[in-house]
Amino acid sequence: MKIVVAPDSFKGSLTAKEVCDAVGNGIRRVFPDAEIIKTPMADGGEGTVETLVESTGGKLVEQKVKGPLGEEINACFGILGDGKTAVIEMARASGLPLVPVHKKNPLITTTYGTGELIKSALDLGCRKFIIGVGGSATNDGGVGMAQALGIRFLDKEGKEIGFGGGSLDKLEKIDMSGIDERIQLSTFLVASDVDNPLCGEKGASATYGPQKGATPEMVKTLDKNLAHLAEIIKRDLGKDIKDIPGAGAAGGLGAGLMAFCNAELRRGIDIIIEITHLENKMDEADLVITGEGQMDFQTIHGKTPYGVAKAAKKKGLPVAAIVGSIGEGAEVLYENGIDTIYSILEKPMSLEECIALADKLVERAAERLIRAININLFKGVELLETKSLCYKKNT
């Protein structure tokens, strides 16, 4: 039996690789001789760097950069095995976990550190970039990132505006003359799992501002400021990015990367599937197991399990998901590639207990899943010589 294991991380408890290992241990309790193809996955958020570095034989690079509040922090990015492609999670330099709860304020947080990571990768010879944009603390439209790359954002007196989304209303002119010339020689892919436009009811500020510390009044200010930025970009650069799906990712960093780096936006999971050659690994498989921390109505909007399931269904393979919890609307996945969902919960448990026992809980859930499949095999569900699961009624 060949089983492909391709989960996302269980955020806050297990990396995608650790989930793979736990699922593999559970499988071997039932099928000790099974061929298990472990492929840790991500969707552009947490774990993207490690997933792609590991799958391509690349390396991690540490760098001191400005954090979201302008303080010096340690961050890292990855260089893939080809030595030319950098993979950057913006959250490593500009992410919400880097901001203490009492200091959350998207009026002042900046993506400058993300730009510094790009510059560092340029210095090391990278000319291809994959930028994961999940988990941001920012709402500056990517202006901080662009400032780190030499682009100037000037007020009516010709002075540089400050950091943060709260300063964008002062912008009068974008001066591209100082941009790092290597940007024009590079290609950028934005790995995102959201399709929000830059502004409006579903825009960056309204949708994600509150979790970054924005009050309702701040949301209005931030949205207005991003709209102003979009107008200046359109006037000075000739690029209309305001309503492009995904422009609102990471507080408008998606828009900034398109405007200043000519980036292409793609679903993160599609990029990961391509680079890890996941579809090829599914050849002649019997089963695909994926998973994530919580599966709910959001999963279908570009999250890892949905992307993995779509790839598996191209080959007619059954797909099971092992998850930390099953949330509202998860049942929509049954009609979109996921055949069964197994929660790791075995009894009422606190979040702290679940995190502490996560590896064992995943392992035991995988064992239960495989034992259920094994029962079906003995009760009329035949494993064909082609090694694909085919359900037949008893006659």
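The values are calculated or read from the model by the stated rules, or taken from the named source; none is laboratory data. Predicted model, so just to flag it, every value in this text is computed and none were measured. Here the Cβ is made from the backbone with ideal geometry for all residues, glycine too, and neighbour counts use every protein chain on show.
Of the residues in the stretch 151-161, none is in contact (Cβ under 8 Å) with a residue 40 or more places away in the chain and among the aromatic types (Phe, Trp, Tyr).
Give me a count of the residues in the stretch 141-176 that are small (Gly, Ala, Ser), out of contact with any Phe, Trp or Tyr (no Cβ under 9 Å at 6 or more places or on another chain) and within 17 Å of residue 115 (Cα to Cα). Talk me through it step by step, then tell me what you get.
At the first step, the residues of the stretch 141-176 found to be small (Gly, Ala, Ser) are 141-142, 144, 146, 148, 150, 158, 162, 164-167.
Narrowing further to those that are out of contact with any Phe, Trp or Tyr (no Cβ under 9 Å at 6 or more places or on another chain): 141, 150, 158, 162, 164-166.
Filter once more, so that each one left must be within 17 Å of residue 115 (Cα to Cα): 141, 150, 162, 164-165.
Adding up the residues that qualify gives 5.
Tell me which residues, restricted to the stretch 2-17, are closer than 11 Å to residue 46 by Cβ and in a helix (DSSP H, G or I). Full working, then the answer.
To start, the set of residues in the stretch 2-17 that are closer than 11 Å to residue 46 by Cβ comprises 8-12, 15-16.
Within the stretch 2-17, just 16 meets the criteria.
Residues that are surrounded by 24 or more Cβ atoms within 10 Å (Cβ to Cβ), within 19 Å of residue 172 (Cβ to Cβ) and not aromatic (Phe, Trp, Tyr): does the stretch 247-254 have at least one? Checked the stretch 247-254: at least one residue is surrounded by 24 or more Cβ atoms within 10 Å (Cβ to Cβ), within 19 Å of residue 172 (Cβ to Cβ) and not aromatic (Phe, Trp, Tyr). Just one residue in the set 58, 78, 70, 95 is farther than 29 Å from residue 290 by Cβ and in the same structural domain as residue 205 (by TED's automatic domain parsing); that residue is 70.
Applying the condition of being among the charged types (D, E, K, R) and loosely packed, with under 14 Cβ neighbours inside 10 Å to the stretch 225-239 and asking which residue is nearest to residue 167 (Cα to Cα) yields 231.
Provide a single number: the residues in the stretch 128-149 that are assigned to a loop (DSSP other than H, G, I, E, B), hydrophobic (A, V, I, L, M, F, W, C) and either surrounded by 24 or more Cβ atoms within 10 Å (Cβ to Cβ) or under 16 Å from the mean Cα position of the chain (by Cα) (or both). It would help to see each step written out before you state the result.
Of the stretch 128-149, the ones assigned to a loop (DSSP other than H, G, I, E, B) are 133-135, 137-142, 149.
If we keep only those that are hydrophobic (A, V, I, L, M, F, W, C) too, we end up with 133, 137, 149.
Those still in the list that are either surrounded by 24 or more Cβ atoms within 10 Å (Cβ to Cβ) or under 16 Å from the mean Cα position of the chain (by Cα) (or both) too: 133, 137.
The qualifying residues number 2.
Taking each residue of the stretch 306-319 that is in the same structural domain as residue 339 (by TED's automatic domain parsing) and farther than 20 Å from residue 372 by Cβ and looking for partners that are in a helix (DSSP H, G or I) and small (Gly, Ala, Ser) with beta-carbon atoms closer than 9 Å, six or more apart or interchain, yields 307/268.
For residue 192, are the conditions met, namely being closer than 19 Å to residue 46 by Cα, of a type in the set (S, T, N, Q) and touching a strand residue (DSSP E or B) at 6+ places or on another chain (Cβ under 7 Å)? So residue 192 passes the test. Exactly one residue out of 226, 222 is under 22 Å from residue 101 (Cα atoms), of a type in the set (A, V, I, L, M, F, W, C) and assigned by TED's automatic domain parsing to the domain that holds residue 108, and it is 222. For the stretch 252-274, does any single residue satisfy the condition of being modelled with pLDDT of 95 or more, out of contact with any helix residue (DSSP H, G or I) (no Cβ under 9 Å at 6 or more places or on another chain), farther than 26 Å from residue 69 by Cα and of a type outside the set (Ser, Thr, Tyr)? No; the residues of the stretch 252-274 include none that is modelled with pLDDT of 95 or more, out of contact with any helix residue (DSSP H, G or I) (no Cβ under 9 Å at 6 or more places or on another chain), farther than 26 Å from residue 69 by Cα and of a type outside the set (Ser, Thr, Tyr).
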